[in-house]
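S.K.: Have a look at the structure that comes next, please.
Derivation of every value follows stated rules applied to the coordinates shown; laboratory data play no part. What you see is a predicted model, and the numbers here were worked out from it, not measured in a lab. So basically every Cβ, Gly included, is an ideal-geometry build from the backbone, and we count neighbours across all protein chains shown.
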Amino acid sequence: MALRSCDPEAHPHEIDEDAPVCLCPDPNISCRKFDERRLRGYRSDRVMTAGSAERWEIRAFDGHPFHIHINPFLVCPSRSNKEPNFPHWRDAMWVQVEDGPRDVLMNPRRFTGQFVLHCHKLNHEDEGMMELVEICDPADRECLCLGTDADGACISQAGCQPDDLQCQFAKTATDAYPAPPPPDFELCGP
Ligand SMILES: [Cu+2]
């Protein structure tokens, strides 16, 4: 997951030197605004199954307070001197480029249904820096699958309709985001 507001001065030509400086709408999560997919009829942006556990790497290209509803997440220890250096549960976390990617563990246990995750800067969330998350029962195929491909395999609700080029562009652009530079701990001194 990448949190990003497009600042041409701070992040020129991140993906392709010949490309326009800001390829994705500003601000966004994984190159998408909240209502983009809803307007195209997608039911949710991210799908998990009840009882599962996932490790998410959350990156930001500037500063964003990441916040999720319903289930808290376990923050993995990091070398940031701004956070407790032991695993701890939170529902909000500051993510900024200087600290590098943050690893968290998601563990939806019982609740099934939809809720949001978003940047907690009010102007960012109002401008679409938000995702609709859905927790499905593992046996609920209608909840999990957007449809099936030619081989009958489930296309995840978080995936793209085969003819939706905008959705595929967003996924490709997000995958192409470079990892933020690692923090320089030498600056902390001995
Ligand atoms: Cu933000």
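S.K.: How do PHE66, PHE86 rank when sorted from fewest to most other Cβ atoms within 10 Å of their own Cβ? Can you show the working numbers first?
M.R.: Numbers: PHE66 24, PHE86 8.
Neighbour counts put them in this order, fewest first: PHE86, PHE66.
S.K.: Which of rounded, prolate, oblate describes region 2-180, given a ≥ b ≥ c as roots of the alpha-carbon gyration tensor eigenvalues and a/c under 1.5 marking rounded, otherwise prolate only if a/b is larger than b/c?
M.R.: Values: a/c = 1.86, a/b = 1.11, b/c = 1.68.
The shape class here is oblate.
S.K.: Please turn the phi angles of region 147-159 into ³J(HN,Hα) values with the Karplus equation 6.51 cos²θ - 1.76 cosθ + 1.60 (θ = phi - 60°), one per residue in order, whole Hz, x for glycine and proline.
M.R.: x, 10, 7, 4, 8, x, 7, 5, 8, 4, 4, 7, x
S.K.: Which order do peptides 151-157, 93-99 fall in by mean Cβ count within 10 Å, highest first?
M.R.: Numbers: 151-157: 11.9, 93-99: 18.3.
By packing density, highest mean first, the sequence is 93-99, 151-157.
S.K.: With θ taken as phi - 60° and the coefficients 6.51, -1.76 and 1.60, list the Karplus ³J(HN,Hα) couplings across region 40-47 in order, rounded to whole Hz; mark glycine and proline as x.
M.R.: 9, x, 6, 7, 8, 9, 8, 10
S.K.: Show me, for region 172-177, the HN-Hα J-couplings you get by feeding each phi into the Karplus relation (A = 6.51, B = -1.76, C = 1.60, θ = phi - 60°), rounded to Hz, glycine and proline as x.
M.R.: With coefficients 6.51, -1.76 and 1.60, one gets 5, 5, 5, 4, 7, 4 Hz.
S.K.: In addition: Which FRET efficiency value, to the nearest 0.05, is calculated for ASN81 and GLU54 with the Förster distance at 30 angstrom and r the Cβ-Cβ distance?
M.R.: Numbers: r = 27 Å, r/R0 = 0.90.
Result of the calculation: an efficiency of 0.65.
S.K.: Another one. Report the label-to-label distance for ASN123 and ASP26 in nanometres (one decimal), using points 7 Å from each Cα along the Cα→Cβ vector.
M.R.: My value for the distance between the label points is 1.1 nm.
S.K.: Quick check: the distance between the Cα centres of region 29-90 and region 104-181, to the nearest angstrom?
M.R.: 11
S.K.: What number, in percent, do you get for the relative contact order of region 2-180 if the mean sequence gap of Cα pairs under 8 Å and at least 6 apart is divided by its residue count? Before the final figure, lay out the partial values.
M.R.: Numbers: 357 pairs, mean separation 49.9, N = 179.
Averaging sequence separation for qualifying contacts and normalising by length gives 28 percent for region 2-180.
S.K.: Mind checking the dipole of region 2-180: about its Cα centre, +1 per Lys or Arg Cβ, -1 per Asp or Glu Cβ, Debye to the nearest 20?
M.R.: On the way: 19 positive and 31 negative charges, 159 e Å.
So the dipole magnitude of region 2-180 works out to roughly 760 debye.
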